[in-house]
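Bear in mind that the values in this text are calculations on the coordinates, not laboratory data. The structure presented is a predicted model; accordingly, all values stated were derived computationally and were not measured. Cβ sites come from the backbone with ideal geometry, for glycine too, and all protein chains shown count toward neighbours.
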Amino acid sequence: MKKKYEINGNLYELEKDEKNVFDLEEVKSYMTEYFDKFDYVFGDYAYEKLRLKGFKDKGNKVNDIKYLDDYIKNYCAYGAKYFLLKKIKK
């Protein structure tokens, strides 16, 4: 069973947690209402700093979740620590 977390009034499931890096308190400190419009929130670490990016179930090539692997390959450091949260629809 996937873990669920409430962040800014939205409920999320932790879909992936590469290298056990997810930290709820740190994510809460970075998440703003900007991410409310996305179906997924991807987080990775670059130079020990958390970066967040929103993805949608269907979007354009920049934010469609089906291109997540391409994003990881092209925009994340090799072997990067990352996680993926999926918003649970209310």
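Worth pointing out:
- Ellipticity estimate at 222 nm from DSSP helix runs (n ≥ 4, -39,500 (n - 2.57)) divided over the chain, nearest 500: -4500 deg cm²/dmol
- Taking amide H as placed 1.01 Å from N in the peptide plane, Ile7 has its amide H under 5 Å from the amide H of Tyr12, each at least 5 places away in sequence or on another chain.
- Given charges at beta-carbon only (K, R positive; D, E negative), |dipole| of region 4-87 in Debye: 280
- Here the chain is scanned for chymotrypsin sites (Phe, Trp or Tyr not before Pro) in DSSP loops (not H, G, I, E, B) that have at most 13 other Cβ atoms within 10 Å, and the longest stretch holding none of them is 1-46.
- Which listed pairs, of Lys66/Lys89; Lys4/Lys73; Lys56/Lys89; Lys28/Lys58; Lys19/Lys53; Lys28/Lys66, have C-alpha distances above 23 Å, in listed order: Lys4/Lys73; Lys28/Lys58; Lys28/Lys66
- Note on the chain: along the principal axes its Cα atoms extend 35, 29, 27 Å, ordered by decreasing extent.
- Farthest toward positive dipole pole in the chain [+1 Lys/Arg, -1 Asp/Glu at C-beta], among Phe22, Tyr47, Leu11: Leu11
- Here the Karplus relation 6.51 cos²θ - 1.76 cosθ + 1.60, evaluated at θ = phi - 60°, turns the backbone of region 73-78 into coupling constants of 5, 8, 10, 10, 5, 4 Hz, with x for every Gly and Pro.
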